[in-house]
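Colleague: This is the structure I want to talk about, given as structure tokens.
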Amino acid sequence: MIMKDSDELSPETLTAHGAYAGDAATGGVVPPIQPSSTFSRDENYNLTVENHGYARDKNPTFGHAESLLAKLEGGAEAITFSSGMAAAVAVFQALKPGDHVVAPKVMYWGLRHWLLEFSETWGIDVDLFDASEDGALQAAIRPGRTRLVWIETPCNPTWDLIDIAEAANIAHEAGALLAVDSTVATPVLTRPIALGADIVFHSATKYLNGHSDIVAGALVGARQDDLWARIRKNREHGGAILGTFESWLLLRGMRTLFLRVRQASDNALAVARHFDTHPKVARVLYPGLQSHPGHEIARRQMNGGFGGMLSMQIDGGESKALQAAGNCRLFVRATSLGGVESLIEHRATSEGPTSPIPRDLLRLSVGIEKPEDLIADIDQALAAI
Ligand code: PLP
């Protein structure tokens, strides 16, 4: 008989069973939603159930999603947050004034923007490096002062790759920690902690949940060190916890994580290959294409697929790109990514007038539909421009 908590279970099996978080009280095969904000104590004033005192500190419903994610990432502990941004904020607020942070120039724009503003008020120094330049990360390090290297891979919206093992070596040699935004890769394709990362970040809004119906964030710590303790306190005291219903939806969504990510990866590869030579497409950016600058790293670092995200630069510039997006009938015009339905986005419009994103670029979050339908939709959208 299979032991329910066995570390020998494959991640696919563990995930399909939602880490066996059933309901002991009723035998329900899925866990109940526990909305209680507070938990009782016995006559001797001990907590009735150990560790459950007040829902801002710990809650059984978000605990289920956290323990599954910690196992999938191979970390010591996972903590969920009310959004990806709240999770990232908890990491940077765990730093001390005077600390130095290194991050890539191309990364989720909302975080880059916030980090640059926050660094001024919090008194931390941030250097942004060009991930496409050899030696740029090493050159950005300030020995003795760099406390955290933050990377995103594959990164928005060029899907360039950063070598996690190499970044970990550089960070550790300088006495710094490495945090990896692995939202796009997911633990299905890449396990950053096994490659040397200290913290894994997810916008759980995306693939982990997978159904575009919650906003959530998560961090996984390789070990429970001092920085991790401060991050955990930031969540406990800052209170950016994931609500119980959202936590339940997150665990429910994660049960199909492997199927969804693998199908989205297969679909994205089919779409990328089809449009790579299309006369109205100047360039397809997808790490699964041999022509992509990050292809070799992706082959080493991503197992079983290259993810569901790709970008296309449309011949004729911004107006043609906007027209193509406007002509789509199946792809939904919306920001975000990682849902079962395909989305198309003119990224420069979403990021606003200061966006560094090429104006001819369309970002595609490829879902789990039939790939022929997706290709036909873009084909007709391009034919009409
Ligand atoms: N990191 C990446 C790669 C993202 O795409 C996003 C959101 O788009 C975030 C972080 C921020 O996460 P959230 O929107 O859940 O706060």
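The values are calculated or read from the model by the stated rules, or taken from the named source; none is laboratory data. The model shown is predicted, which means the values in this text are computed figures rather than measured ones. For neighbour counting, all protein chains shown are included, and Cβ atoms are generated from backbone atoms with ideal geometry for every residue, glycine included. Ligands, DNA and RNA are excluded from the accessible area calculation, which covers all protein heavy atoms including side chains. Shrake-Rupley method; radii C 1.70, N 1.55, O 1.52, S 1.80 Å.
Colleague: Across region 186-193, in residue order, what do the Karplus-derived ³J(HN,Hα) couplings come to in whole Hz, using 6.51 cos²θ - 1.76 cosθ + 1.60 with θ = phi - 60° and x for Gly and Pro?
Modeller: Along region 186-193, the couplings run 6, x, 5, 9, 9, 10, x, 5 Hz.
Colleague: When a/c is below 1.5 the answer is rounded, else prolate if a/b is larger than b/c, else oblate, so apply that to region 80-201 with a ≥ b ≥ c taken from the square roots of the Cα gyration tensor eigenvalues.
Modeller: In terms of gyration-tensor shape, rounded.
Colleague: Going by amide H atoms built from the backbone, whose H comes under 5 Å of the H on ASP315, apart from near neighbours?
Modeller: VAL281, ALA282
Colleague: Something else about it: How much accessible area per residue does the chain have, in Å², with a 1.4 Å probe? Intermediate results must be reported in sequence, preceding the final value.
Modeller: On the way: 16620 Å² over 385 residues.
Per residue, the chain has an accessible area of 43 Å².
Colleague: Using a probe of 1.4 angstrom, how much of the accessible area of the chain is carbon and sulfur, in percent?
Modeller: For the chain, the apolar C and S fraction of the accessible surface comes to 52 percent.
Colleague: With unit charges on the beta carbons (Lys and Arg positive, Asp and Glu negative) and the dipole taken about the Cα centre of the chain, which residue among SER132, PRO104, MET312 sits farthest to the positive side?
Modeller: With unit charges placed on the Cβ atoms, the residue in question is MET312.
Colleague: How big is the charge dipole of region 195-271 about its Cα centre, in debye rounded to the nearest 20, if each Lys and Arg gets +1 on its Cβ and each Asp and Glu gets -1 on its Cβ?
Modeller: With Lys and Arg at +1 and Asp and Glu at -1, about 120 debye.
Colleague: Still on this structure, I have one more. At 0.36 nm per residue, minus the direct Cα-Cα distance, what do ASN327 and ASN46 gain on full extension? Give it in nm, one decimal, please.
Modeller: Residue separation times 0.36 nm, minus the Cα-Cα distance, leaves 94.9 nm.
Colleague: Relative contact order of region 1-119, please, whole-number percent, based on alpha carbon pairs below 8 angstrom and at least 6 residues apart.
Modeller: 15
Colleague: Please give me the summed charge of the neighbours of ARG260: other residues whose Cβ is under 13 Å from its Cβ, Lys and Arg +1, Asp and Glu -1. Present the calculation step by step, with values, prior to reporting the outcome.
Modeller: Working: positive: LYS206, ARG252, ARG255, ARG262; negative: GLU12, ASP266, GLU341, GLU369.
So the environment of ARG260 carries a net charge of 0.
Colleague: Pull out the extension gain between PHE245 and SER291, defined as 0.36 nm times the separation in residues minus the alpha carbon to alpha carbon distance; nm, one decimal.
Modeller: Roughly 12.2 nm would be gained on extension.
Colleague: Quick one: putting +1 on the C-beta of Lys and Arg, -1 on the C-beta of Asp and Glu, what dipole do you get for region 1-127 around its Cα centre, in Debye to the nearest 20? List each step's numbers first, then the result.
Modeller: Values: 8 positive and 17 negative charges, 59 e Å.
The dipole of region 1-127 has a size of about 280 debye.
Colleague: What is the sum of charges around ARG347, taking Lys and Arg as +1, Asp and Glu as -1, for the other residues whose C-beta is under 13 Å from the C-beta of ARG347?
Modeller: -1
Colleague: Sticking with this structure for a sec: Among all helices in the chain defined by DSSP H, which have a length of 30 Å or more along the axis from Cα atoms plus a Kyte-Doolittle mean of at least -1.0?
Modeller: Membrane-span-like by this criterion, though nothing is claimed about a membrane: none.
Colleague: Give the long-range amide H neighbours of LEU310: residues separated by 5 or more places, or on another chain, with amide H under 5 Å away, using H modelled in the peptide plane at 1.01 Å from N.
Modeller: Residues meeting the criterion, in which the H sits 1.01 Å from N, are LEU364, VAL366.
Colleague: Where nothing but the Cβ of Lys and Arg (+1) and of Asp and Glu (-1) is charged, how large is the charge dipole of region 148-263 around its Cα centre, in debye to the nearest 20?
Modeller: My answer is approximately 580 debye.
Colleague: Now for a separate question. List the aspartates and glutamates whose alpha-carbon lies under 15 Å from that of LYS280, not counting same-chain residues fewer than 8 positions away?
Modeller: In chain and number order, the partners are ASP315, GLU318, ASP360, ASP377, ASP379.
Colleague: Solvent-accessible area of ASP379, probe 1.4 Å, all protein chains present, reported in Å² to the nearest ten, please.
Modeller: 50
Colleague: Next question, about the same structure. Could you order ARG329, ARG359, ARG300, ARG230 so the one with the most accessible surface comes first? Probe is 1.4 Å.
Modeller: Result, largest first: ARG329, ARG300, ARG359, ARG230.
Colleague: Give the Cα extents of region 220-366 along the principal axes, in whole Å, largest first.
Modeller: 53, 35, 29
Colleague: Out of ILE79, LEU95, ALA65, whose Cα points farthest toward the positive end of the dipole of region 1-109 (charges: +1 Lys, Arg; -1 Asp, Glu; placed on Cβ)?
Modeller: So the residue furthest toward the plus end is LEU95.
Colleague: Taking the simple approach of a point 7 Å from Cα along Cα-to-Cβ for both GLN93 and ILE375, what is their distance in nm?
Modeller: 4.8
Colleague: Between SER37 and SER350, what is the FRET efficiency for a Förster distance of 25 Å, r being their Cβ-Cβ separation, to the nearest 0.05?
Modeller: E between SER37 and SER350, to the nearest 0.05, is 0.10.
Colleague: Mean separation of Cα pairs under 8 Å and 6+ residues apart, divided by the residue count of the chain: what relative contact order is that in percent?
Modeller: Averaging sequence separation for qualifying contacts and normalising by length gives 16 percent for the chain.
Colleague: Suppose R0 equals 22 Å; then what is the FRET efficiency for ASP57 and TRP122 from their Cβ-Cβ distance, rounded to the nearest 0.05?
Modeller: 0.35
Colleague: Quick one: work out the % antiparallel among DSSP beta bridges in the chain, nearest 5.
Modeller: Percentage antiparallel, nearest 5: 60.
Colleague: Still on this model: Counting each DSSP H run of 4 or more residues in the chain as -39500 (n - 2.57), what helix-only mean residue ellipticity at 222 nm follows after dividing by all residues, to the nearest 500 deg cm²/dmol?
Modeller: -10500 deg cm²/dmol
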